[in-house]
Amino acid sequence: MNKGLRKTVIAGNWKMNKTRAEAAELIKQLAVDGDKADVVICVPYTNLQTAAEAVGGSSVKIGAQNVHYEKSGAFTGEISADMLKEIGVEYVIIGHSERRQYFGETDETVNRRTRAALNAGLIPIVCIGELLDEREANITEEVLSRQTKLGLAGFTADEIKKIIIAYEPVWAIGTGKTATAAQAGEACGFIRGVIAKIHGKDVADAVTIQYGGSMNAKNAAELLAQEDVDGGLIGGASLIAEDFGTIINAAQG
Ligand code: 13P
């Protein structure tokens, strides 16, 4: 059992939800105790400052949902890693399937954003996952392998250890259709194997790999008990304080 070698991280992805007032209210309701998992909430840009203030002295960390790959310049509408860092952000989601689907995100831009995040001292949560068509065509492993290799190309072993990978099968996101614990465990184990082939087993054993896709208060314990599932990236259920709390408590540590 190598689970103890890595951090368990439970992260909420609020997506494009909550005004600032609603964000402050939800964070007030979050009761996080115990130290079985690192807890992160990834909120919209406009809520970052509010969230950073609202978590106060608690152990909850703040994450953003995207970051630009350049340091500064003429990139209208974009936000740099240094800007995030300045307001107390510690994590950033990169390459979420919604960004791949709607905003032209590619493995190459995922790689560049991850580089920018690491350079600024942010912890990247790099999302990968297959489409339903790809699972049905039996090319899940090919897709995960490509996304892992290209998204994480060019990083040193020490950098790889700092990166969190979120395995999110696209067909399970927001659909209420969760991967079975076995499917989640198998895919996360496969991704770890891809990293082991490139960087060696010690590095692969140190990387936190989350599962995401309709994780909720009911199914979290079984998913999080899988040897290779080191946490969760939670959408809908992270917007309900009680459910998110239950998921955090289901973490295995
Ligand atoms: P749901 O938990 O709403 O399926 O969303 C998962 C997700 O996309 C987290 O990034």
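Bear in mind these aren't lab numbers, they're just calculated from the coordinates by the rules spelled out. Bear in mind the structure is a predicted one, so any value in this text is a computation, not a measurement. Quick reminder, even Gly has a Cβ in these numbers, built from the backbone with ideal geometry, and neighbours come from all protein chains shown.
Residue 141 to residue 252: extension gain in nm, 0.36 nm per residue of separation minus the Cα-Cα distance?
Contour length minus the Cα-Cα distance gives 37.3 nm.
Given points 7 Å out from each Cα along the Cα-Cβ axis, report the residue 156 to residue 36 separation in nanometres with one decimal.
In this crude spin-label approximation the distance works out to 3.6 nm.
Where does each of 102, 45 land when they are ranked from fewest to most other beta-carbon atoms within 10 angstrom?
Numbers: 102 9, 45 14.
Going from sparsest to densest Cβ surroundings: 102, 45.
Which pairs break 29 Å Cα to Cα here: 15/197; 197/218; 3/28; 85/201; 3/149; 36/71?
The pairs that break the limit, which is 29 Å between Cα atoms, are 15/197; 197/218; 3/28; 85/201; 36/71.
For the stretch 94-218, what class follows from the C-alpha gyration tensor (a ≥ b ≥ c being the square roots of its eigenvalues): rounded when a/c is under 1.5, otherwise prolate if a/b is larger than b/c, else oblate?
In terms of gyration-tensor shape, prolate.
Report the relative contact order of the chain, percent, no decimals, based on alpha-carbon pairs under 8 angstrom and at least 6 residues apart.
23
If a helix is a whole DSSP H run, which ones in the chain reach 24 Å or further along their own axis (Cα) and hold a mean Kyte-Doolittle hydropathy of at least -1.0?
In the chain, the long hydrophobic H runs are 181-199.
For the stretch 1-64, what does the relative contact order come out to in percent, with C-alpha contacts under 8 Å and a separation of six or more?
38
Assign one of three labels to the stretch 1-119, namely rounded, prolate or oblate, based on the Cα gyration tensor with a ≥ b ≥ c the square roots of its eigenvalues; rounded applies when a/c is under 1.5, prolate when it is not and a/b is larger than b/c, and oblate otherwise. Don't skip to the answer; put the middle values down first.
On the way: a/c = 1.81, a/b = 1.27, b/c = 1.42.
Taking the square roots of the gyration eigenvalues as a ≥ b ≥ c, the stretch 1-119 is oblate.
All other residues with a Cβ under 9 Å from the Cβ of residue 7 taken together, and with Lys, Arg as +1 and Asp, Glu as -1, what is their net charge?
My count for the surroundings of residue 7 gives -1.
Check which residues have an amide H placed less than 5 Å from residue 153's amide H, if you skip close sequence neighbours.
The list, which skips near neighbours in sequence, is empty: none.
Quickly work out the residue 58-to-residue 106 label distance, labels modelled 7 Å from Cα along the C-beta direction, and quote it in nm with one decimal.
Reported label-point gap for residue 106 and residue 58 is 4.1 nm.
Starting from the amide H of residue 93, placed 1.01 Å from N in the peptide plane, find each other amide H under 5 Å away whose residue is 5 or more places distant or on another chain.
64, 65, 66, 125
For the stretch 73-193, what relative contact order do you get, as a whole percent, if you take Cα pairs closer than 8 Å and at least 6 residues apart?
Numbers: 131 pairs, mean separation 31.3, N = 121.
This gives 26 percent for the stretch 73-193.
Output ³J(HN,Hα) for the stretch 78-92: one whole-Hz value per residue in order, computed from phi by the Karplus curve 6.51 cos²θ - 1.76 cosθ + 1.60 with θ = phi - 60°, and x for Gly and Pro.
Karplus-based 3J(HN,Hα) across the stretch 78-92 equals 9, 10, 8, 5, 5, 5, 5, 4, 4, 9, x, 6, 10, 10, 8 Hz.
Rounded, prolate or oblate: which one fits the chain, using the alpha carbon gyration tensor with axes a ≥ b ≥ c (rounded when a/c is under 1.5, else prolate when a/b beats b/c, else oblate)?
On the way: a/c = 1.41, a/b = 1.11, b/c = 1.27.
Cα axes put the chain in the rounded bin.
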